[in-house]
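Participant: Dropping a structure here in structure tokens format, bear with me for questions.
The values are calculated or read from the model by the stated rules, or taken from the named source; none is laboratory data. Owing to the predicted nature of the structure, the values given are computational and were not obtained by experimental measurement. Neighbour counts run over all protein chains shown; Cβ positions are idealised from the backbone, glycine included. For the accessible areas, the whole protein counts, side chains as well, though only heavy atoms, and no ligand, DNA or RNA atoms are used. Shrake-Rupley method; radii C 1.70, N 1.55, O 1.52, S 1.80 Å.
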Amino acid sequence: MDRGLYVAMTGAKQIMQAQAVNNHNIANLSTIGFRADTVSFDSEPIYGPGYATRVNAVAGDAGTDFSMGVMQSTGRDLDIAVNGKGFIAVRGTDGKEAYTRAGDLRVSPTGAVTTASGLPVLSESGPLVIPPSTQVTIGGDGTISVVPQGSAPFAVTQVDRIKLVNPSTADLQKGDDGLLRLKSGEKAKTDEGVSVTSGMLESSNVNAAQSLISMIELQRLYEFQIKSINSTDQNEQSAERLMLTS
């Protein structure tokens, strides 16, 4: 069988993988703080006996798009958005420290401060827990202040501080859970320069229009690869008939 079939087949497979990444981004258009995944195509010669006369198109993971999303005002005290660069430290489902831009926080019945998905928000000393309170506010540096139940409205008490970090994006790796972690497996240090704004949320940074265009382009590329497979197959059948009749 002509090697062109394998080249076209490989191209179609890689395009399907790129389409899956693009569709995943589109599915997270409304996910708070989501960072889009990116993909790139590289050419990889097929080595073997003789010269490398065939080249495969290989879809590679180009990393994560760390550009900022749009800031949206919510007016909710427990909603925070990171200003500029930086991340909020949380505990992932694997029990390890991870980082996110999703600042739609909640307070559980036990007083634990979590993300909307239930991940514990961390301070420098561990998961954040606040006492029963009638009011909870978050300062620009991540400091959490409360008015304990039974206290006067002006009896504001500082409880703890959200761990805010700003590692180099080149050192971060995005996991299947959408959280970011240091490639080294270590914990990032608290960065005093990172600040947040209360009553705001950062939207997903996925560009809806560009993602839809990419979806159409990838579909056309996939169709081209399928046509190449069909054309190669027809050529082989014609050649086989010629050989049989000669």
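Participant: Can you give me the C-alpha center-to-center distance between the range 73-115 and the range 176-246, rounded to a whole angstrom?
Facilitator: That distance is 29 Å.
Participant: Moving on to the next point. Using only the alpha carbons, work out the radius of gyration and Dmax of the range 69-180 in angstrom.
Facilitator: Over the range 69-180's Cα set, Rg and Dmax evaluate to 14.4, 48 Å.
Participant: Could you give the nm distance between label points at residue 42 and residue 169, where each point is 7 Å from its Cα heading toward the beta carbon?
Facilitator: Output for this residue pair reads 2.1 nm.
Participant: Which percent of Cα-Cα pairs in the chain sits in each 5 Å bin, short to long?
Facilitator: That works out to 1, 6, 11, 13, 13, 11, 9, 7, 6, 5, 4, 4, 3, 2, 2, 1, 1, 0, 0, 0, 0, in percent per bin.
Participant: While we're on this one: So, for the chain, what is the accessible surface per residue at a probe of 1.4 Å, expressed in square angstrom?
Facilitator: 57 Å²
Participant: Relative contact order for the range 59-182: what is it in percent, counting Cα pairs under 8 Å that are at least 6 residues apart?
Facilitator: Worked out over the range 59-182, it gives 22 percent.
Participant: Starting from 0.36 nm per residue, how many nanometres of slack lie between residue 27 and residue 176 once their C-alpha separation is accounted for?
Facilitator: In short, 52.2 nm is gained.
Participant: Once the piece of chain linking residue 20 and residue 158 is laid out straight, how much longer is it, given 0.36 nm per residue of separation minus the C-alpha distance between them?
Facilitator: Taking 0.36 nm per residue and subtracting the Cα distance, the gain is 45.1 nm.
Participant: Which Rg and Dmax, in Å, describe the Cα atoms of the range 182-246?
Facilitator: Both quantities, over Cα of the range 182-246: 27.0, 82 Å.
Participant: Just to verify a number: FRET efficiency for residue 224 and residue 151, C-beta to C-beta distance, R0 = 51 Å, to 0.05?
Facilitator: For residue 224 and residue 151, the calculated efficiency is 0.15.
Participant: Something else: Which value, in debye to the nearest 20, gives the size of the charge dipole of the range 114-246 about its Cα centre, when Lys and Arg are +1 and Asp and Glu are -1 at the Cβ?
Facilitator: For this selection, approximately 140 debye.
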